[in-house]
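The values are calculated or read from the model by the stated rules, or taken from the named source; none is laboratory data. Source: prediction; values computed, not measured. Neighbour counts are summed over all protein chains in view; Cβ atoms, including those assigned to glycine, are modelled from backbone coordinates with ideal geometry. Areas reflect the complete protein model, heavy atoms only, side chains present, ligands, DNA and RNA absent. Shrake-Rupley method; radii C 1.70, N 1.55, O 1.52, S 1.80 Å.
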Amino acid sequence: MDENIKSSKIRESFTDRIFLIGVYTFLIIVLLIVLYPLIYIISASISSPEAVMAGRVWLWPVDFSLEGYTEVFNNSDVMRGFSNSIFYTVAYTVIAVVLTVVFAYPLSRKSFYGRTFLMFFIIFTMLFYGGLIPEYLVVKNLGMLDTIWAILIPKAMAVWQIIIARTFFQTSVPEELVEASEMDGCSSLRFLWSVVLPLSKPIIAVLALMYAVFQWNSYFDAMVFLRSEELFPLQLELRELLITQTESGVNMDIAEQQKREQLANLMKYSLIVVSSLPVLIIYPFAQKYFVKGMLIGSVKG
Amino acid sequence: MICPFILIRMHDNFIVSASFCGANLEKEGLTLKPTTEMNQPLSNSVLKKQKVTQWKLARKSFQKHWQLYLLIIPPVLYFIIFKYVPMIGTVIAFKDYNVVQGIMGSSWVGLKHFEAFFRNPVAWDLIQNTLYLSLYQLLVTFPLPIILALTLNEIKDGLFKRSVQMFTYAPYFISTVVIVSMIVLMLSPRLGIINQFIELFGFEPVNFLGNADLFRSVFVWSDAWQQTGYSAIIYLAALAGVDKQQYEAAKVDGASRIQRIMNVDIPGIMPAIVIILVLSVGNLMALGFEKVYLLQNPLNLSTSEILQTYVYKMGIINADFSFSAAVGLFNSFVNLILLVLVNYLAKRISGNGLW
């Protein structure tokens, strides 16, 4: 459309110009609405406890201090949750990507007998969902309750991701290549390992990012399946500290208590930043890949 | 049974239970055939010839790809155990489940749990809350991404466009727990920044989360804040695919920008709009449950208690498995009806649908 605009600059009518101004105003407002909470949280997290409590922070940091962050890094629950979450995310991503690739590749091959049935077999699970309770009972009967497996296994594959991977294999590993390799006596497994995988780095990146972000951000399965605090992922610790916290200092004088309260309040802001940091670091890459993944998936279901 | 590499490392009970669950499936008459059963001849067939060629195809494929058939055992088992077994497990909604007798051993009670639920005056409140919240959510979060995509499509590629896209996608990557914490912090009646602004303009502070009437708005608009940018991607992609010649033609005819949007852009992305609408309606009863649960407090419970949070509380916390499974099943059932209905309507009206 760009060339069109250039070639017809003179014909841009008055109403069109007004309209365009309206469009820009709208987008600027959208941008401000999206950005403001993010900037505010970050600014508050690096301000002093008193300034945050007194409401003096509204856009930029006031009385720069890192007390909130010191508090976060000295909190053993948070640190344990952080390392648990890293473990869950890495292990889960490996399991999920391996399973997804291993399933999606055969589904993409035309000569693989049963692929239509298998596609139906997985898409059917998108329409009918057993529900929370039967799912819980399955995990319980497998003896997985309150073990790391309850986090790693029950959500190990997503139908949407399988469809994305299958579409990718269908479009980027041509059937002729498969036939040629078969003529040369290459086994399916060998072909998958030494031809398909090297060709599939982009889709593996897409899958890994999608699964990793999902696992890092999820709290619900942990809340349902885990009891021991040593196994809690970061998001569950956050829930306790940020949302349901009812802790109050009893045996403290008022000044001390006020100080604690201020620090606890400030720590919430720092905690939000720290817990979102891993995702924010990969965000520039993730954004590109997420968009790519979403577009591959939408080409054909 | 061959233990594939992932399963070997898992809990001992897993393998045992896996084969146990497989047995259950067969009992229920579900015909899920992993690999080895593929080469069984299908004898009593009417079209014998066709079946023979099918069998030949299967055998050929199995000979050629036997390694792939072995590879898909773990994923297939995963789907059977974690998707199909729970589906069958919903029968506990019609039984009095107890731990000792297990799912199959417990006695049948018919529709007892459904009756108990609908007799309870809470039921209608829950259904209403669920529907109101979902409809409100749909009305806000369905059109916004379309508007964002259409306006973004009007402006030239450049730094501004790229930054709007980049920053509007960003909130999508923030976790539910963090989003809810941000809401709690920013909307808190005493210290929240929003209330400080409200007081600055001389109004009374509002207790957003402690007010049942405001709960839905807080939920829906924070969701719009988080999802709009990301949901717009699909429409932007669809807009990129709109035929450029139609723009030219519209221009030659002297169409204004607004007219071009109405007559070229919107018809061009209509198939995408319809599909997304069908999908959103299909998810109507399943939306954002994790976030609702986190936003709940005793003050807003009269509007924030929805079917799924109720299922969680009755089932997992109170361990009333059969009753809550019945409520959950009712929820999924309504969802499915809605999906089928909307898909039918969409096909009737626009010619596009999911199937």
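Suppose we filter region A:88-98 for residues that are surrounded by fewer than 20 Cβ atoms within 10 Å (Cβ to Cβ) and under 16 Å from residue A:228 (Cα atoms); how many remain?
Counting residues in region A:88-98 that are surrounded by fewer than 20 Cβ atoms within 10 Å (Cβ to Cβ) and under 16 Å from residue A:228 (Cα atoms) gives 0.
Does residue A:185 satisfy the criteria of being open to solvent by 60 Å² or more (accessible area, probe 1.4 Å) and modelled with pLDDT under 80?
Spelling it out, residue A:185 is indeed open to solvent by 60 Å² or more (accessible area, probe 1.4 Å) and modelled with pLDDT under 80.
Would a scan of region B:195-208 turn up a residue that is open to solvent by 20 Å² or more (accessible area, probe 1.4 Å), in contact with a helix residue (DSSP H, G or I) (Cβ under 7 Å, 6 or more places away or on another chain) and among the small types (Gly, Ala, Ser)? Before the answer, list the steps.
Filtering region B:195-208 for residues open to solvent by 20 Å² or more (accessible area, probe 1.4 Å) gives B:196-208.
So of that shortlist, the ones also in contact with a helix residue (DSSP H, G or I) (Cβ under 7 Å, 6 or more places away or on another chain) come out as B:205-206, B:208.
From the residues that got through so far, the ones that are among the small types (Gly, Ala, Ser) too are none.
No: region B:195-208 contains no residue that is open to solvent by 20 Å² or more (accessible area, probe 1.4 Å), in contact with a helix residue (DSSP H, G or I) (Cβ under 7 Å, 6 or more places away or on another chain) and among the small types (Gly, Ala, Ser).
Output yes when any residue across region B:106-113 is farther than 30 Å from residue A:31 by Cβ, open to solvent by less than 30 Å² (accessible area, probe 1.4 Å), assigned to a helix (DSSP H, G or I) and away from chain A (no Cβ under 14 Å), and no when none is. Walk me through it before giving the result.
Restricting attention to region B:106-113, the residues satisfying the condition of being farther than 30 Å from residue A:31 by Cβ are B:106-113.
When the remaining residues are screened for being open to solvent by less than 30 Å² (accessible area, probe 1.4 Å), the result is B:106, B:113.
Pick out the ones that are also assigned to a helix (DSSP H, G or I) and you get B:113.
So of that shortlist, the ones also away from chain A (no Cβ under 14 Å) come out as none.
No, the conditions are met nowhere in region B:106-113.
Please tell me if residue A:271 is open to solvent by less than 20 Å² (accessible area, probe 1.4 Å) and either facing another protein chain (nearest Cβ under 10 Å) or not in a helix (DSSP H, G or I) (or both).
Yes, satisfied.
For the subset of region A:150-175 comprising residues that are part of a helix (DSSP H, G or I) and under 18 Å from residue B:61 (Cβ atoms), which member is least open to solvent (accessible area, probe 1.4 Å)?
Taking the candidates together, the pick is A:169.
Out of everything in region A:253-268 that is in contact (Cβ under 8 Å) with a residue 12 or more places away in the chain and basic (Lys, Arg), what residue ends up being nearest to the other protein chains (Cβ to nearest Cβ)? Step through it out loud before you land on a result.
Going through region A:253-268, the residues in contact (Cβ under 8 Å) with a residue 12 or more places away in the chain turn out to be A:259, A:261-268.
The next check asks that each one be basic (Lys, Arg); those that pass are A:259, A:268.
Values: A:259: 16, A:268: 6 Å.
Per the stated criteria, the residue is A:268.
Considering only residues of region B:229-277 that are charged (D, E, K, R), more than 9 Å from chain A (Cβ to nearest Cβ) and touching a residue at least 24 places away in the same chain (Cβ under 8 Å), which is farthest from residue B:169 (Cα to Cα)?
B:243
Here is a check on your reading of the model: is residue A:228 of a type in the set (Ser, Thr, Tyr), surrounded by fewer than 20 Cβ atoms within 10 Å (Cβ to Cβ), more than 11 Å from chain B (Cβ to nearest Cβ) and under 28 Å from residue A:272 (Cβ atoms)?
Yes.
Select the helices (runs of 4 or more DSSP H) contained entirely in region B:221-316, then report the ones holding at least 3 residues which are open to solvent by less than 40 Å² (accessible area, probe 1.4 Å) and over 30 Å from residue A:283 (Cβ atoms).
Those helices (runs of 4 or more DSSP H) span B:244-252, B:266-282, B:307-312.
Considering each of A:147, A:89 in turn, give the residue that is at pLDDT 85 or above and not in a loop (DSSP other than H, G, I, E, B). Before the answer, list the steps.
Numbers: A:147 fails: not in a loop (DSSP other than H, G, I, E, B).
That would be A:89, the only listed residue that is at pLDDT 85 or above and not in a loop (DSSP other than H, G, I, E, B).
Among the residues that make up region B:30-38, is at least one of them at pLDDT 50 or above, open to solvent by less than 40 Å² (accessible area, probe 1.4 Å) and farther than 15 Å from residue A:142 by Cβ? Working first, answer last.
Here is the first cut: in region B:30-38, the ones at pLDDT 50 or above are none.
The answer is no, given that none of the residues of region B:30-38 is at pLDDT 50 or above, open to solvent by less than 40 Å² (accessible area, probe 1.4 Å) and farther than 15 Å from residue A:142 by Cβ.
For region A:99-126, name all the residues that are at the interface with chain B (Cβ under 7 Å from one of its Cβ atoms) and either open to solvent by less than 10 Å² (accessible area, probe 1.4 Å) or at negative phi (or both).
In the first step, residues of region A:99-126 are kept if they are at the interface with chain B (Cβ under 7 Å from one of its Cβ atoms); the result is A:99, A:102-103, A:106, A:111-114, A:121-122, A:125.
Those that are at the interface with chain B (Cβ under 7 Å from one of its Cβ atoms) and either open to solvent by less than 10 Å² (accessible area, probe 1.4 Å) or at negative phi (or both): A:99, A:102, A:103, A:106, A:111, A:112, A:113, A:121, A:122, A:125.
Here are some conditions: (1) open to solvent by less than 40 Å² (accessible area, probe 1.4 Å); (2) part of a helix (DSSP H, G or I); (3) within 30 Å of residue B:309 (Cα to Cα). Residue A:51 meets all but one. Which one does it not meet?
Only one criterion in (1) open to solvent by less than 40 Å² (accessible area, probe 1.4 Å); (2) part of a helix (DSSP H, G or I); (3) within 30 Å of residue B:309 (Cα to Cα) is unmet by residue A:51, namely (3).
For region B:83-101, state whether one or more residues are charged (D, E, K, R) and touching a residue at least 60 places away in the same chain (Cβ under 8 Å). Before you say what the answer is, go through the steps one by one.
Keep residues of region B:83-101 that are charged (D, E, K, R), which gives B:83, B:95-96.
Within this subset, residues satisfying the condition of being touching a residue at least 60 places away in the same chain (Cβ under 8 Å) are B:95-96.
Yes.
Residues A:212, A:222: which one is modelled with pLDDT of 90 or more, within 13 Å of chain B (Cβ to nearest Cβ) and within 20 Å of residue B:296 (Cβ to Cβ)?
Just one listed residue meets the conditions, A:222.
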